[in-house]
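A.B. asks: Questions regarding the structure given below will be posed in turn.
The values are calculated or read from the model by the stated rules, or taken from the named source; none is laboratory data. The structure presented is a predicted model; accordingly, all values stated were derived computationally and were not measured. All Cβ positions, glycine included, derive from the backbone under ideal geometry; neighbour counts span all protein chains shown. Ligands, DNA and RNA are excluded from the accessible area calculation, which covers all protein heavy atoms including side chains. Shrake-Rupley method; radii C 1.70, N 1.55, O 1.52, S 1.80 Å.
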Amino acid sequence: MTRKNFFSLLTTGLGALVLIGGALVPTQARACDPVFDECLADLELMTEGPLPLDGALVWRPVFTDPEAGSFSQFAVESGATVVVTPMGGGAEVQGAVTGIQSVQAIVWRPTGELPADTTLEVEVTFDNSKLFCFGDFEPTLTRKFTVSTGSETAPPVVAPELTGETSVALIGHSRAETLICCDGAFPTWTMVDDCGLAFDWSEGTCASLVGTGWLDVALTLDADAVAAANHQVGYVFESNAGTYAFVAGSTTIAVRLDQPLCGKVRATRLATGEETLGPEVCFGEDLQAMLGEQVMDPLPTLAACAGQPYTCESISDGDETWDPNACTPWPEDSTPTTSAGSSGESDSSGSDGTSSSDGGASDSGTAGMDTDKAGCACASGPAGDGWGLAALLLPWLGRRRSRR
């Protein structure tokens, strides 16, 4: 049973990536349709310091399956019970528990002001049996915490400064008419894990003549301002490309998109819902010309070929699968060269970012199927005798064509 009800979150950190001639290699399988699982394995208390008198208790859920974990506000409100009492005795402090999906937090909000300078005992019970759970899980999760309060109320809600590092990732298109291949690579439609069909190949190397330039942005909130809020405030970045949330305890997220990114940080007090917006900030405007469809240089990738590169006709008009019996050497009617020194690589990072040739770019739903290609970094440098076997490969190709 699966349900695609996930947070609009992206993993922290970003491998800045700049590619001018991207290598395309066989796709590596990865899970792309994880199950929806609300079960909790633990709770991490975020608000351990002195609580403001008008503050809330905030937990980050630890799911039984971190890859698939998620929850709804309804699930938290129906499955969680929080009991708060002063240490040493006293009346229970009244409050209500809710789930804040956007920042992946479970919040207990007191109905009134907390007692000042008091140590509180907190018992949380989470009834997993009422939720959507799969595999092994603890039916009833019970955890106890001790927290203290201060003598002051919380400071005004402030939207912290947001900075961003930008770079461009040029991802080659996997289409029959844009690929140049070598060493036995014959692209065909292949079922890739649970992700559906992809235009792929099982051996050899392919390079694309056309790609898409994607803007990678690592967004970072001012850490001092976030720490001063003591996890009493949740942050999301509302932009022209969608809303991106900073999960509880995180100050960095990474996004990939095909346009410059502009938006504002919305800060929300978790105890009351009070909100404030920061100023608009933009990233990647100076990289606009490098985004979208781009011509790619295949030579840095093809320099590693043992044999002459080639292109092939498709088996039929409706099927992009290459026909190994209908191939033409590439470049046609030209002498193979081993020079890869003129690949045209350049630094395409903007003034507000950095770049590298690291092939570990982060994935996102905006980047399309081609981003599943593992290791798209350029294979640059001299090729040596990379096409020294061209004389052997060309007759082989000719024989295969003659058998059509």
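A.B. asks: Kindly indicate whether residue 283 is touching a residue at least 12 places away in the same chain (Cβ under 8 Å) and open to solvent by less than 20 Å² (accessible area, probe 1.4 Å). Lay out the reasoning, then the answer.
C.D. replies: Details: touching a residue at least 12 places away in the same chain (Cβ under 8 Å): yes; open to solvent by less than 20 Å² (accessible area, probe 1.4 Å): yes.
For residue 283, the condition - touching a residue at least 12 places away in the same chain (Cβ under 8 Å) and open to solvent by less than 20 Å² (accessible area, probe 1.4 Å) - is met.
Let's see how each residue does on (1) surrounded by 18 or more Cβ atoms within 10 Å (Cβ to Cβ); (2) among the β-branched types (Val, Ile, Thr); (3) farther than 16 Å from residue 70 by Cβ:
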site: 97; (1), (2), (3): yes, yes, yes
site: 101; (1), (2), (3): yes, no, no
site: 105; (1), (2), (3): yes, no, no
site: 112; (1), (2), (3): no, no, yes
site: 115; (1), (2), (3): no, no, yes
site: 130; (1), (2), (3): no, no, no
site: 138; (1), (2), (3): no, no, yes
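A.B. asks: Same structure again: What is the residue count in the range 232-280 for residues that are part of a strand (DSSP E or B), among the hydroxyl-bearing types (Ser, Thr, Tyr), under 16 Å from residue 220 (Cβ atoms) and open to solvent by 30 Å² or more (accessible area, probe 1.4 Å)?
C.D. replies: Step one: list which residues in the range 232-280 are part of a strand (DSSP E or B), which gives 233-239, 242-246, 252-257, 261-269, 275-277.
Still in the list and also among the hydroxyl-bearing types (Ser, Thr, Tyr): 235, 239, 243-244, 252, 268, 276.
Subset that is under 16 Å from residue 220 (Cβ atoms): 235, 239, 244, 252.
When the remaining residues are screened for being open to solvent by 30 Å² or more (accessible area, probe 1.4 Å), the result is 252.
Number satisfying all stated conditions: 1.
A.B. asks: Just to be sure I understand, how many residues within the range 148-177 are surrounded by fewer than 20 Cβ atoms within 10 Å (Cβ to Cβ) and of a type in the set (A, V, I, L, M)?
C.D. replies: 3
A.B. asks: Looking at the range 224-243, is at least one residue within 13 Å of residue 161 (Cβ to Cβ) and touching a Gly at 6+ places or on another chain (Cβ under 7 Å)?
C.D. replies: Within the range 224-243, the subset within 13 Å of residue 161 (Cβ to Cβ) is 224-226, 228, 235, 237.
Going one step further and asking which of them are touching a Gly at 6+ places or on another chain (Cβ under 7 Å), we end up with 237.
Yes, there is a match, as at least one residue in the range 224-243 is within 13 Å of residue 161 (Cβ to Cβ) and touching a Gly at 6+ places or on another chain (Cβ under 7 Å).
A.B. asks: While we're on this one: Which condition does residue 221 not pass, out of (1) over 22 Å from residue 294 (Cβ atoms); (2) surrounded by fewer than 17 Cβ atoms within 10 Å (Cβ to Cβ), if it passes all the others?
C.D. replies: (2)
A.B. asks: Oh, and also: Report whether or not residue 198 is within 30 Å of residue 307 (Cβ to Cβ), under 26 Å from the mean Cα position of the chain (by Cα) and open to solvent by less than 10 Å² (accessible area, probe 1.4 Å). First the steps, then the outcome.
C.D. replies: Details: within 30 Å of residue 307 (Cβ to Cβ): yes; under 26 Å from the mean Cα position of the chain (by Cα): yes; open to solvent by less than 10 Å² (accessible area, probe 1.4 Å): yes.
The answer is yes for residue 198.
A.B. asks: Which count do you get for residues in the range 151-204 that are more than 30 Å from residue 225 (Cα to Cα) and either outside any strand (DSSP E or B) or of a type in the set (Asp, Glu) (or both)?
C.D. replies: Let us first name the residues in the range 151-204 that are more than 30 Å from residue 225 (Cα to Cα), namely 169-204.
Applying the additional criterion that residues be either outside any strand (DSSP E or B) or of a type in the set (Asp, Glu) (or both) yields 173-178, 183-187, 192-196, 200-204.
Residues that pass the stated criteria total 21.
A.B. asks: Applying the selection to the range 201-212, what residues are more than 20 Å from residue 305 (Cα to Cα) and open to solvent by 10 Å² or more (accessible area, probe 1.4 Å)?
C.D. replies: Taking the range 201-212 as the starting set, the residues that turn out to be more than 20 Å from residue 305 (Cα to Cα) are 211-212.
Once the filter is applied, which keeps residues that are more than 20 Å from residue 305 (Cα to Cα) and open to solvent by 10 Å² or more (accessible area, probe 1.4 Å), the range 201-212 yields only 212.
A.B. asks: A follow-up question, please. Residue 215 fails exactly one of the following numbered conditions: (1) open to solvent by less than 20 Å² (accessible area, probe 1.4 Å); (2) of a type in the set (A, V, I, L, M); (3) not in a strand (DSSP E or B). What is the number of that condition?
C.D. replies: For residue 215, the failing item is (3).
A.B. asks: Which residues, taken from the range 95-124, are polar (S, T, N, Q) and under 21 Å from residue 152 (Cβ atoms)?
C.D. replies: Of the residues in the range 95-124, the ones polar (S, T, N, Q) are 98, 101-102, 104, 111, 118-119.
Result: 111, 118, 119.
A.B. asks: I need a count of the residues in the range 57-78 that are open to solvent by less than 30 Å² (accessible area, probe 1.4 Å), assigned to a strand (DSSP E or B) and at pLDDT 80 or above. Show your work before the answer.
C.D. replies: At the first step, the residues of the range 57-78 found to be open to solvent by less than 30 Å² (accessible area, probe 1.4 Å) are 57-59, 61, 63, 68-72, 75-76.
Still in the list and also assigned to a strand (DSSP E or B): 57-59, 61, 63, 69.
In the following step, the residues that additionally are at pLDDT 80 or above were identified as 57-59, 61, 63.
Number satisfying all stated conditions: 5.
A.B. asks: Hey, another quick one. Where in the range 86-148 are there strands (runs of 3 or more DSSP E), lying wholly inside it, with at least 1 residues that are within 18 Å of residue 73 (Cα to Cα), under 39 Å from the mean Cα position of the chain (by Cα) and charged (D, E, K, R)? Explain how you work it out, then say what you get.
C.D. replies: Details: elements: 95-100, 105-110, 119-127, 140-148.
Correct list: 105-110, 119-127.
A.B. asks: Taking residue 159 and the conditions (1) under 15 Å from residue 271 (Cα atoms); (2) modelled with pLDDT of 95 or more, which numbered condition does it fall short on, given that it satisfies the others?
C.D. replies: Here residue 159 clears every test but (1).
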